[in-house]
Amino acid sequence: MQHDLPIGIFDSGVGGLTVASAIAKTLPNEQIFYFGDMARCPYGNRNGKEVTEFSVQIVEYLLQLGVKMIVVACNTATATALPELRRRFDIPIIGVIQPGSRAAAKETESGRVGVIGTTVTIASGAYELAVHAADPNISVYSLGCPAFVPLVEQGKCSGQEVESIVHNSLEPLRALEIDTLILGCTHYPLLEQPIAKVLGPSVRLISSADETALEVHRLLLEQAGLCEHRLGPNRYFTTGNGDRMAEVLHSWMNATEEEIQECIQTVDVDVLLTAPR
């Protein structure tokens, strides 16, 4: 592995910046190239074939820029596209489902774990498989929350409207006596406060972001890929609204206005469609 290259990270929108932020804190010497496919977000209500096609296009784009590994910071893409990405590309590629599942298996005391995610992620059964791989005795209760990603992408993360939607969405979980909940979408940590308010202090919320950052560190260490000196500023690419990405960068990555203006680049979807295969 060539250590002096950035880490490529992608998501359907801004939610994956929670993963990018965790990686940046864990590995401050690493440069990050982040891609948010905001023009085609959300992925959670699309079919698996379509999500895989989008994921392949984005990975090809990041590889043209020059990255040493790919982090699929999207649970839907991890659940549907990760095997094909690993088959197609000769570069380390990790997803966010296994790290979060292992953390939940360690944290639960009652053995009753909830998972919330997009419709596609939940339908895939990927979290049940990953949690049971860590501990087959754990009971897993999964729930699709398709209303959450649109809220985050619109910048609605708090307030009465958000709390009402979160409460109604999570109602089926309230009677199941879970003590641990996996936030099975990288957008969902941005809704952590209303989710915690609805479920109460007895339920531990697990975000894949920190666990994925540790996985990235482990892999780079194993393959002698850690960067010893900072290469340059992080760069952010989006097919959608750069202003919305700038808002999240400011709040989640502590980026200054000058850094944001210099590092955000809008990419036309047609560029992805015409990338070399």
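A short reminder: the numbers here are calculations on the coordinates, not readings from a lab. Bear in mind the structure is a predicted one, so any value in this text is a computation, not a measurement. So basically every Cβ, Gly included, is an ideal-geometry build from the backbone, and we count neighbours across all protein chains shown.
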* Selected residue [in a strand (DSSP E or B) and of a type in the set (A, V, I, L, M)] from Val149, Val115 -> Val115
* Structure fact -> By residue number, the members of region 160-207 that are without any contact (Cβ under 8 Å) to a residue 24 or more places away in the chain and not β-branched (Val, Ile, Thr) are Gln160, Glu161, Ser164, Asn168, Glu171, Ala175, Glu192, Ala196, Gly200, Pro201, Ser202
* Asked: Which strands (runs of 3 or more DSSP E) sit wholly inside region 197-271 and have at least 2 residues that are buried (at least 16 other Cβ atoms within 10 Å of the Cβ)?
  -> 204-207, 235-238
